Amino acid sequence: MRRNNCDSPLPQQTRKIGPTRRSVSGYYPFRLEKHIQYESALERDFIIRKDFSLSVQDVIPQPCQIPFVLNGQSFNYTPDFLVFYKLGTASFPGYTKPLLVEVKPAQEWRKNWRKWLPKWKAAYAYAKQQGWIFRIHDESRIRDVAFLNITFLERYKRMQFSHEESEYILKTVQEMGSAPFHYLLARHFMGIYRGQGIAHLWHLLALRQLDCDITLPLNDFTELWIPEHDSE
């Protein structure tokens, strides 16, 4: 099994993405460390999902070229992304395998799956050889409840709050292990400060100073805890 070792060099982008008339293209600022190219709105949303996840180590666009044969002719297929995950507290055998991904709208892959099957079979075999997993992600895997939550939290990222108040909230959560949203709101923001408190708690979650099960709807009963940044 290869490319699972954290000391191994990560693959680099193999194909540059140029301007396109048929879809949205651009660069996404991944954790303010680098810019990741995308060539559709769905690809951009995929990166947004991975950017939010603390278990994700890195996302590499256009990571490799995979040879395949169709009707006796040789071609190269370039998947959209390769996602590496952090080892965290898991043992190496239990480590989440890197994910090789093709991002395609459901309408497109359902219409063209027979034509694209040879290259996807080649990608599956290549990923298995590398110790990776190959998957196709459409809207159902990307624009789900988690994505709606992430886009909702985006508006709270740039808000400014007292550092002392933030530390007080985080200390409460740290001491309790976890706490529901409504409890923290009642404990730290009563009366006229309730509205400010709601924004403050979402702000801490948006900045990943707090964590939750992002796959569930966000509400007063959302359970919050301190993320283990170093171990994920």
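Here are a few things to note about the model shown:
- Gap separating the Cα centres of the stretch 167-219 and the stretch 97-134, nearest whole Å: 40
- Computed over the stretch 26-143, the percent of Cα pairs more than 26 Å apart is 22.
- Listed residue pairs exceeding 32 Å between alpha carbons, taken from Lys34/Lys115; Lys97/Lys119; Lys104/Lys157; Lys86/Lys157; Lys111/Lys157: Lys34/Lys115; Lys111/Lys157
- Gaussian network model of the chain, Cα within-10 Å springs - most flexible of Asn112, Asn219, Asn71: Asn71
- The order of Cys64, Cys212, going from fewest to most other C-beta atoms within 10 Å of their C-beta, is Cys212, Cys64.
- Net length available on complete extension from Arg194 to Ser140 is 15.9 nm, with 0.36 nm assigned per residue and the Cα-Cα distance removed.
- Build a GNM of the chain with springs between Cα atoms under 10 Å apart, and of Leu148, Leu70, Leu82 the one that fluctuates most is Leu70.
- The chain - percent relative contact order, Cα under 8 Å, separation 6 or more: 17
- If R0 is taken as 30 Å, the Cβ-Cβ distance between Ala186 and Ser55 corresponds to a FRET efficiency of 0.45.
- Label point distance in nm, Asn76-Ala125, each placed 7 Å from Cα along Cα→Cβ: 1.9
- Calculated on alpha-carbon atoms, Rg and Dmax of the chain in Å: 20.6, 73
Throughout, read-outs are computed from the coordinates displayed, never taken from laboratory work. What you are looking at is a predicted structure, and each value in this text was computed from that prediction instead of being measured. So basically every Cβ, Gly included, is an ideal-geometry build from the backbone, and we count neighbours across all protein chains shown.
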